[in-house]
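What follows is a single structure, written as structure tokens, with notes after it.
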Amino acid sequence: MATHPHLPSLEPGTRALVLGLGRTGVSCARYLERKGLEVRVADTRAEPPGAATLRAEVPHAELATGPFRSALLDGVAQVVISPGLSLREPVAVEAVRRGLPVVGDIELFAREAGAPVAAITGTNGKSTVTALLAELANAAGRTAVAGGNLGEPALDLLERPVPGLYVLELSSFQLETTHSLDAVAATVLNVTPDHLDRYDSLDDYAAAKARI
């Protein structure tokens, strides 16, 4: 399912809806609040694992728990969906129908990153290769930081001093909602059957990986 590729400017005072409150969702909420946006976060769980962190670090965020309702989209300028949630979620489908951009954390990161990005995906081995590439870059004297699907969420890396290189591990779920990433180096290490509860076929899964 395609999402709207154009993200509106992160204009202070506009409202963004973050779907999902795991580690990535909390990271997105922090980032959006730093940008001066009003943040609404929704999670289907009664007490999401990131709820305490959200209340402590993004105290002005509105948190809605329980089944997703289309009313969550009212007054929203954009939707940021966590990678664990499918674009087939009815609330995401409704957002697209309303013409709202539906993106993920890597799309937000890509539009602000101030250093080149090396991007790595694949069914197996991507964490090892991501960590190794960052170590090799640092050993060669080029300051590199690793994150994304591995370790620190990508948006949290933007709070650090700008490095010489970002090395990102990216899942197929993250790539589904990424449109603007222009990596200086990118690789798909391998594709074997996985996540077929989310994709219609192995070809669909491979196509998501190929978006890198």
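The values are calculated or read from the model by the stated rules, or taken from the named source; none is laboratory data. All of these numbers come straight from a predicted model, not from anything done at the bench. Cβ coordinates were reconstructed from backbone atoms using ideal geometry, including for glycine residues, and neighbour counts include every protein chain displayed.
Numerical summary
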item	result
Residues that are of a type in the set (S, T, Y) and either surrounded by fewer than 20 Cβ atoms within 10 Å (Cβ to Cβ) or in contact with a strand residue (DSSP E or B) (Cβ under 8 Å, 6 or more places away or on another chain) (or both), drawn from the stretch 30-48	T44
Wholly within the stretch 120-208, strands (runs of 3 or more DSSP E) carrying at least 2 residues that are touching a residue at least 24 places away in the same chain (Cβ under 8 Å) and at negative phi	165-169, 185-188
Check on D200, at pLDDT below 95 and among the acidic types (D, E)	yes
Matching residues in the stretch 51-72 - criterion: being touching a strand residue (DSSP E or B) at 6+ places or on another chain (Cβ under 8 Å) and outside any helix (DSSP H, G or I)	V58, H60, A61, E62, L63, A64, T65, F68
Filtered residue count, the stretch 87-114, keeping only those that are crowded, with 16+ Cβ neighbours inside 10 Å and assigned to a loop (DSSP other than H, G, I, E, B)	6
Residue identified as touching an Asp or Glu at 6+ places or on another chain (Cβ under 8 Å) and among the hydroxyl-bearing types (S, T, Y) among T65, T53	T65
Residue satisfying all of: in the stretch 88-136; under 22 Å from G20 (Cβ atoms) and among the hydroxyl-bearing types (S, T, Y); nearest to the chain's Cα centre (by Cα) among these	T121
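Yes or no, residue by residue, for (1) under 30 Å from D74 (Cβ atoms); (2) assigned by TED's automatic domain parsing to the domain that holds Q78; (3) at pLDDT 95 or above:
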{"site": "E94", "(1), (2), (3)": "yes, yes, yes"}
{"site": "P116", "(1), (2), (3)": "no, no, yes"}
{"site": "A134", "(1), (2), (3)": "no, no, yes"}
{"site": "T143", "(1), (2), (3)": "no, no, yes"}
{"site": "G148", "(1), (2), (3)": "no, no, yes"}
{"site": "P161", "(1), (2), (3)": "no, no, yes"}
{"site": "F173", "(1), (2), (3)": "yes, no, yes"}
{"site": "V184", "(1), (2), (3)": "no, no, yes"}
{"site": "L189", "(1), (2), (3)": "no, no, yes"}
